[in-house]
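The structure under discussion appears below in the form of structure tokens.
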Amino acid sequence: MAKVTFGKTIIRLGTVTSTQDILKESFHQGVAEGAIAIADGQTLGKGRQGRTWDSAAGKGLWLSTLIEPSGPEALWTWVPLWAGIIVRDSILQFIPDKQISRVLLLKWPNDLYIEDRKLGGILAEKVQHKSGRSAVIVGIGLNLKQQRDDFPPHLRNRAASLTERTHVEIQPEQILENLIEQAEQNVHLLKPIDTKAIEKAWMTSAWGLGEQFQVISGDKVYEGRFIGLGPHGEMCLEDSAGKVIHLASSDGISKVTSQ
Amino acid sequence: MFDLKEVKKLVRLLEQSQISEIEISDKDRKIRLTKSTQGDAQSGQTIITAPPAPPPVDTLAPAAPKAVGANIKLVKSPMVGSYYTAPSPDSEPYVQVGDHVRKGQVLCIIEAMKLMNELECEFDGRIVDMHVENAQPVEFDHLLFTIETA
């Protein structure tokens, strides 16, 4: 397998609409795997189903990178979980306080959480070139320098930044360097997709494993105990009757706390 | 399960043969027929076993297409996930029944584990049927669209 060099092409941007859209355009122009588009800020950072990701200029790491997994595309659903692990491992060295690093967790499928607050989010898009070349563009948003009041009011109790939690100001470039290293060291897990290895690495940081959850997916609400991942990386909930429900997407995940 | 005709045929085969037991199995079913050695009226004992049922999983069986002819193409889901007719709840759907579509045109989004897959049409044609409601779960190979090509 040829080595993939991440960051050989880095497209540095000021404030843009979305790094995803810019890298998607570059992909269609033939940019190589490992290319990165990084911005100071985004006005329309992408979230699920048309939602936006708050990406204030100079406050975080806002980037997208191009990855070409191999093997059956039906298993490419593991790429977002792989990306969550890569981001987690890229920031661990900046959190010397073990009390904090042990609560740095992955909320299914790949949100980065510190305790019960969101530190980062990842969104992936499969893209296809007219030549038939398929790839995944992984978008990463990581809150670095925000203080509580920097977040919009509706996010203040749900979002966190690295600086806020560690009291050390970390620059986006420092994380970028680690991210490139982690991606290069671990991209072999995507060629082809090594579901067992990704699952094992992911489960070491699973947020809420064994706890009771309520998940909204489509027009239904599911409730059960989070018992692990399914064959495509789905969230597996075991309901009160012992039935295992596999969920591939969610519009809201919340822990059910007993009264 | 085996159907009754198949089982009866096997029982007859066992009765007429010198062998005392037949066992047949494939991926998801197994049957073992044993000839009684007691000489009673019951000439054979039939045991049908199935492998343990997999844990129940919330799935939707793919709907059957209305018609499949030479100029009818079926578009199926490339992966498990949630099916979306539009890029966001407030947007217009990518396509509707009756629409003419071109090769490369986006038909829907399948989302799984926050991987968004814009499914593109692989041929020119007309949407005859859409088999899944917006925001519903789909399985790998789940039938999504019936498209009539020119």
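The values are calculated or read from the model by the stated rules, or taken from the named source; none is laboratory data. What you are looking at is a predicted structure, and each value in this text was computed from that prediction instead of being measured. We place every Cβ from the backbone using ideal geometry, glycine too, and count neighbours over all the protein chains shown.
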**Request:** Among residues belonging to the stretch B:132-150 that are more than 13 Å from every other protein chain (Cβ to nearest Cβ) and of a type outside the set (A, V, I, L, M, F, W, C), point out the one that is nearest to residue A:73 (Cα to Cα).
**Result:** B:146
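Conditions tested, residue by residue: (1) assigned to a loop (DSSP other than H, G, I, E, B); (2) in contact with a Phe, Trp or Tyr (Cβ under 9 Å, 6 or more places away or on another chain); (3) not acidic (Asp, Glu).
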| site | (1), (2), (3) |
| --- | --- |
| B:108 | no, yes, yes |
| B:117 | no, yes, yes |
| B:122 | yes, no, no |
| B:129 | no, yes, no |
| B:134 | yes, yes, yes |
| B:137 | no, yes, yes |
| B:140 | yes, no, yes |
| B:145 | no, no, yes |
**Complete:** Selection from the stretch A:237-259 of residues under 23 Å from residue B:133 (Cα atoms) and without any contact (Cβ under 8 Å) to a residue 24 or more places away in the chain yields A:245, A:246
**Request:** Considering only the stretch A:47-73, state which residues are closer than 27 Å to residue A:230 by Cα, in contact with a strand residue (DSSP E or B) (Cβ under 9 Å, 6 or more places away or on another chain) and surrounded by fewer than 24 Cβ atoms within 10 Å (Cβ to Cβ).
**Result:** A:47, A:48, A:49, A:66, A:67, A:68, A:69, A:70, A:71, A:72, A:73
**For residue A:2: the one exception among (1) within 30 Å of residue A:255 (Cβ to Cβ); (2) of a type in the set (A, V, I, L, M); (3) not assigned by TED's automatic domain parsing to the domain that holds residue A:169** = (1)
**Item:** Members of the stretch B:109-131 that are within 14 Å of chain A (Cβ to nearest Cβ), in contact with a Pro (Cβ under 9 Å, 6 or more places away or on another chain) and either farther than 11 Å from residue A:249 by Cβ or of a type in the set (Phe, Trp, Tyr) (or both)
**Value:** B:117, B:118, B:119
**Fill in**
(1) farther than 20 Å from residue B:112 by Cα; (2) more than 13 Å from chain B (Cβ to nearest Cβ) all hold for residue A:213 apart from (1)
**Message:** If a residue must be more than 14 Å from every other protein chain (Cβ to nearest Cβ) and either outside any strand (DSSP E or B) or crowded, with 23+ Cβ neighbours inside 10 Å (or both), how many such residues does the stretch A:103-113 contain?
**Reply:** 1
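To keep it simple, each residue is scored yes or no on (1) at pLDDT 95 or above; (2) over 15 Å from the mean Cα position of the chain (by Cα); (3) under 17 Å from residue A:71 (Cβ atoms).
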site	(1), (2), (3)
A:126	yes, no, yes
A:137	yes, no, no
A:143	no, no, no
A:148	no, yes, no
A:162	no, yes, no
A:169	no, yes, no
A:197	yes, yes, yes
A:203	yes, no, no
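Run down B:86, B:70 and say which single residue is without any contact (Cβ under 8 Å) to a residue 12 or more places away in the chain, among the hydrophobic types (A, V, I, L, M, F, W, C) and surrounded by fewer than 23 Cβ atoms within 10 Å (Cβ to Cβ).
B:70
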